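Notes for the one structure printed next.
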Amino acid sequence: MEYISQNQKEKKEMLETLGIECEDELFDVIAAQLKAKELKISSGQSEQELVDVFKKLASKNKTLISFRGAGIYDHYIPALVGEITGRSDFRTAYTPYQAEASQGTLQSIFEYQSMISALTALDVSNASLYDGASATAEATMLALRASGKNKILISSALNPQYAQTVKTYLKNSKAEIVMLNLSCMGTIEKSSVEANLDENTAAVIVQSPNYFGIIEDMDTLSSTAKSGNALFIAVVNPISLGFFKAPGEYGADIAVGEGQALGNPMSFGGATFGFMSVKKAFEWKMPGRIAGQTVDKDGKRGFVLTLQSREQHIRREKATSNICTNAALNALAGCVYLSGWGNEGLKKLALTNIAKARYAFNKIKGIEGFSAKFENAVFFHEFVIKTEKDIKKITKMLIKNGFLPPLELSSYCKQYENCLLFCVTEQRTKEEIDRLAEILAKI
């Protein structure tokens, strides 16, 4: 955004328009305990002096070497992504959709949708949603609408924040949620789906890699859901699809996931974007919007907003979702990221993640006091380690040595006491993994 100066007269007029006495009142909604007590900045400083002050403040932040994932991942973001998304054409608070003025924006959304459809091997993608959690909840709503049924089966290895979002969406509905139990291998078994599947089941939701990083048998689980006339919703990590089967290849009806891994920074958990793709039969039931391509009266290729079934545009009872926007800039980052890697590049990236995670897994489970929770599991870039050591001490020691420690799973899943969820992406070097292992061995 460009810098726009204001004089005292203009500031006074703005305050009067807002009905407040001073700028501080704009921040009253922020809890007092979250605000800095005093910045100790003297008045009358130049811009250059202020920049120096804030640089010194920022230098107090620690950049830790991350071995944590659980939904938000530390991946390298090529310069290409920032170069494109930084253009003023795209960096705007409003995403324009008027075809006569927004061909570039509409084409970028169209290209994004095409890549998500190709990546998931499904027919139609929307223009993106807020994040992985809202995308999963919207997929659930779609399944309920399309099937006319009222029961949802959810894997207990679904990201717990996604599961909670689904429950929140359905809290005041008549829908029934059944959580599928995990096997001792950390996966959902066919028998668990069969035991809960009946004529009222609208959909089965399974995440792969699941919350513990393990690859599920999606072929079997999808066919089991279909045997009971239920839809199959796959929650997937987009980078894992560079190597593992795409949802459309094992018969999934809907694929959703978190797009942060595709060229978006971790940024303390957001902002990110969620993606969704479906079989053609469900395109009219999708939430959000779809950009399509067409030709003008002269036969030239052009792009238009093709579908937006939100309540702003149609009758409320006919709307598919209350979500009234897409995460255009974040989705564009994902589009540029996928373009940069290409098919073979994405495969190499996925294989690099698998190889580094496997190296770390073997290294850590070999340390006295540490063992694999799911010894023979096939995993992507996350894995669970059980430890006899004091986890608080582990956390303290790792932070002291510059590492962001793995997630203590008991915080989210009480049955996994003394278990740590590690994540190793292409960002981690052999030296960093070896150093991590050395520290763990000394605790």
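The values are calculated or read from the model by the stated rules, or taken from the named source; none is laboratory data. Just so you know, these numbers come straight off a predicted model, no measurement behind them. Cβ placement follows ideal geometry from the backbone for every residue including glycine, while neighbour counts extend to all protein chains displayed. Ligands, DNA and RNA are excluded from the accessible area calculation, which covers all protein heavy atoms including side chains. Shrake-Rupley method; radii C 1.70, N 1.55, O 1.52, S 1.80 Å.
Applying the set (1) outside any helix (DSSP H, G or I); (2) open to solvent by 40 Å² or more (accessible area, probe 1.4 Å); (3) without any contact (Cβ under 8 Å) to a residue 12 or more places away in the chain to Ser183 leaves exactly one unmet item: (2).
Here Tyr211, Tyr250, Tyr162 are screened, and the one residue that is in contact with a Ser or Thr (Cβ under 6 Å, 6 or more places away or on another chain), surrounded by 23 or more Cβ atoms within 10 Å (Cβ to Cβ) and in contact (Cβ under 8 Å) with a residue 24 or more places away in the chain is Tyr162. Considering each of Asp219, Asp198 in turn, give the residue that is in contact with a helix residue (DSSP H, G or I) (Cβ under 6 Å, 6 or more places away or on another chain), open to solvent by 40 Å² or more (accessible area, probe 1.4 Å) and either at pLDDT 95 or above or among the hydrophobic types (A, V, I, L, M, F, W, C) (or both). Of the residues listed, the single one that is in contact with a helix residue (DSSP H, G or I) (Cβ under 6 Å, 6 or more places away or on another chain), open to solvent by 40 Å² or more (accessible area, probe 1.4 Å) and either at pLDDT 95 or above or among the hydrophobic types (A, V, I, L, M, F, W, C) (or both) is Asp219. So in the stretch 1-35, with the set limited to residues that are outside any helix (DSSP H, G or I), farther than 26 Å from Thr92 by Cα and of a type in the set (Gly, Ala, Ser), which one is farthest from the chain's Cα centre (by Cα)? Looking at the filtered set, the residue picked out is Gly19. Being touching a His at 6+ places or on another chain (Cβ under 6 Å) and either in a helix (DSSP H, G or I) or crowded, with 20+ Cβ neighbours inside 10 Å (or both) narrows it down to one residue among Ala441, Ala333, Ala437, Ala357; which is it? Being touching a His at 6+ places or on another chain (Cβ under 6 Å) and either in a helix (DSSP H, G or I) or crowded, with 20+ Cβ neighbours inside 10 Å (or both) holds for just one of Ala441, Ala333, Ala437, Ala357, which is Ala357.
Applying the set (1) in contact with a strand residue (DSSP E or B) (Cβ under 7 Å, 6 or more places away or on another chain); (2) among the hydrophobic types (A, V, I, L, M, F, W, C); (3) touching a residue at least 40 places away in the same chain (Cβ under 8 Å); (4) over 28 Å from Thr165 (Cα atoms) to Val256 leaves exactly one unmet item: (4). Looking at the structure I just gave you, is Leu122 in a helix (DSSP H, G or I) and closer than 22 Å to Trp341 by Cα? The answer is no for Leu122. Among the candidates Leu262, Leu241, the residue that is touching a residue at least 24 places away in the same chain (Cβ under 8 Å), in contact with a Cys (Cβ under 9 Å, 6 or more places away or on another chain) and not in a strand (DSSP E or B) is uniquely Leu262. Going by the structure shown, is Leu346 assigned to a helix (DSSP H, G or I), modelled with pLDDT of 95 or more, open to solvent by less than 30 Å² (accessible area, probe 1.4 Å) and aliphatic (A, V, I, L, M)? Yes: the conditions hold for Leu346. Candidates are the residues of the stretch 267-290 that are among the hydrophobic types (A, V, I, L, M, F, W, C) and in contact with a strand residue (DSSP E or B) (Cβ under 8 Å, 6 or more places away or on another chain); the one that is nearest to Ala146 (Cα to Cα) is Phe282.
Open to solvent by 70 Å² or more (accessible area, probe 1.4 Å), modelled with pLDDT of 95 or more and part of a loop (DSSP other than H, G, I, E, B), is that true of Glu368? Yes: the conditions hold for Glu368. Residue under question is Glu189, and the condition is that it be free of Cβ contacts under 8 Å to residues at least 40 places away in the same chain, crowded, with 16+ Cβ neighbours inside 10 Å and within 30 Å of Pro406 (Cβ to Cβ); does it hold? It is true that Glu189 is free of Cβ contacts under 8 Å to residues at least 40 places away in the same chain, crowded, with 16+ Cβ neighbours inside 10 Å and within 30 Å of Pro406 (Cβ to Cβ).
The single condition among (1) over 22 Å from the mean Cα position of the chain (by Cα); (2) open to solvent by less than 20 Å² (accessible area, probe 1.4 Å) that Ser155 does not satisfy is (1).
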